[in-house]
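What follows is a single structure, written as structure tokens, with notes after it.
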Amino acid sequence: MNTVSSTISTLVVCWNNRAFLGRCLESVPASWDLVVVDNASNDGTADLVTERFPHARLICNATNVGFAAAVNQAAKLATGDYLLLLNPDAEATPRSIERLASTLDERVTCGASAGRLLSMTEEAQPDFHARRLPTLSSVAADLLLLSRVWPTNPVTRHAEGVDIDISTACPVELMAASNLLVRRVAFEAVGGLDEQFSPVWFEDVDFCKRLRDRGWDVYFVPAAVFRHLGGVSMRGLGRGRQKRVFYRNMERYVRKHHGRAAAAAVKAMLVAGMSMRMAGSALKADRDGVHAFAGVLGGTLSGWRRD
């Protein structure tokens, strides 16, 4: 049996997640430190936490401050040596968290570890498994639809990490923050999550990049299994805002880590890519798609002043 020598705090950020949140919180031992941040939900999420999980420390924000800012809030209250960032639509299976913690215990350079995500019907979720950090080439393949028309192209396959051996624990470049266990000293060393990536997307990509830049390893631990719905809170943004936020934060990530010239190239590719997507949506009589991609195009051309 795995033994854990360090204390763990679980941090859960919610926005209208009452329907599944009970299962999420029940999957975490009640004796562990638990901090829940409610980002101005209107579905009774905070009431559920108060009524069913009185041991949790609950922060209720008056507005949705975004995932990164809420995680940073929770981390300031947390008491554990390790911080488990757990999505409200995910649940830990028995011993999964302990297996993540053992990975950190056994490897002093491991700053974070994450497990394998399965759907509620035990099917793999390839969109959430170990990947590589974005490069200008992989971003171009996405924006210019190369990954759509030629999904097996080498750039996309490399970015998606299809060659990574996911049968055993191994260091990787990128894991999603849906079940990410972070060493507190590593979290604090890089200054937590960057709150500019708001409300969602690319804050975990940026975090893994900064961890690795500071010499910390990020590990994928396939024996640590979590069940996961995926994208529950994001659906509340609506299709148009989802697209604007995702591509705005993509551009922000490239500017931060690859410089202004790369960001300018991405801006040009965004204009071309969104124009192609608008045309494709129009041909399919998808008015919502045309509107959503037009919003991204407008945001790109305006410098995202309206977002």
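The values are calculated or read from the model by the stated rules, or taken from the named source; none is laboratory data. What you see is a predicted model; the values in this text were computed from it and never measured. In this analysis, Cβ positions are derived from the backbone assuming ideal geometry, glycine residues included, and neighbour counts consider all displayed protein chains. Calculation scope for accessible area: heavy atoms of the full protein, side chains included, ligands and nucleic acids excluded. Shrake-Rupley method; radii C 1.70, N 1.55, O 1.52, S 1.80 Å.
Restricting the range 57-103 to residues that are open to solvent by 50 Å² or more (accessible area, probe 1.4 Å) and charged (D, E, K, R), which is farthest from Arg184 (Cα to Cα)?
Step by step, filter the range 57-103, then rank; the result is Arg95.
Can you tell me which residue in the range 238-250 is nearest to Gly289 (Cα to Cα), limited to those that are of a type in the set (D, E, K, R) and open to solvent by 50 Å² or more (accessible area, probe 1.4 Å)?
Arg239
Can you pull out every residue in the range 255-284 that is of a type outside the set (A, V, I, L, M, F, W, C) and out of contact with any Phe, Trp or Tyr (no Cβ under 6 Å at 6 or more places or on another chain)?
Going residue by residue through the range 255-284, those that are of a type outside the set (A, V, I, L, M, F, W, C) are 255-260, 267, 273, 275, 277, 280-281, 284.
Within the range 255-284, Arg255, Lys256, His257, His258, Gly259, Arg260, Lys267, Gly273, Ser275, Gly280, Ser281, Lys284 qualify.
May I ask you to list the residues in the range 158-216 that are acidic (Asp, Glu) and under 26 Å from Leu77 (Cβ atoms)?
Glu188, Asp194, Glu195, Glu203, Asp204, Asp206
The conditions are (1) at pLDDT 95 or above; (2) closer than 30 Å to Glu188 by Cα; (3) surrounded by 16 or more Cβ atoms within 10 Å (Cβ to Cβ), and Arg260 fails exactly one of them. Which is it?
(3)
Looking only at the range 7-56, how many residues end up being part of a loop (DSSP other than H, G, I, E, B) and of a type in the set (D, E, K, R)?
The qualifying residues number 1.
Quickly run through the range 157-170 and pick out the residues that are more than 18 Å from the chain's Cα centre (by Cα) and open to solvent by less than 80 Å² (accessible area, probe 1.4 Å).
Val162, Ile164, Ile166, Thr168, Ala169, Cys170
Out of the range 125-156, which residues are open to solvent by 30 Å² or more (accessible area, probe 1.4 Å) and under 27 Å from Asn87 (Cα atoms)?
Pro126, Asp127, Phe128, His129, Arg131, Arg132, Thr135, Asp142
Of these, Val190, Val218, Val172, Val185, which one is touching a Pro at 6+ places or on another chain (Cβ under 7 Å), farther than 27 Å from Gly22 by Cβ and modelled with pLDDT of 95 or more?
Answer to the check: Val218.
Of everything in the range 148-170, what is of a type outside the set (D, E, K, R), within 30 Å of Glu91 (Cβ to Cβ) and part of a loop (DSSP other than H, G, I, E, B)? Give them in sequence order.
Listed by number, the residues that qualify are Gly161, Val162, Ile164, Ile166, Ser167, Thr168, Ala169.
Check Gly289, Gly298, Gly273 and return the single one that is open to solvent by less than 60 Å² (accessible area, probe 1.4 Å) and within 30 Å of Ala19 (Cα to Cα).
Gly289
In the range 9-56, which residues are among the β-branched types (Val, Ile, Thr), surrounded by fewer than 24 Cβ atoms within 10 Å (Cβ to Cβ) and touching a residue at least 60 places away in the same chain (Cβ under 8 Å)?
Val28
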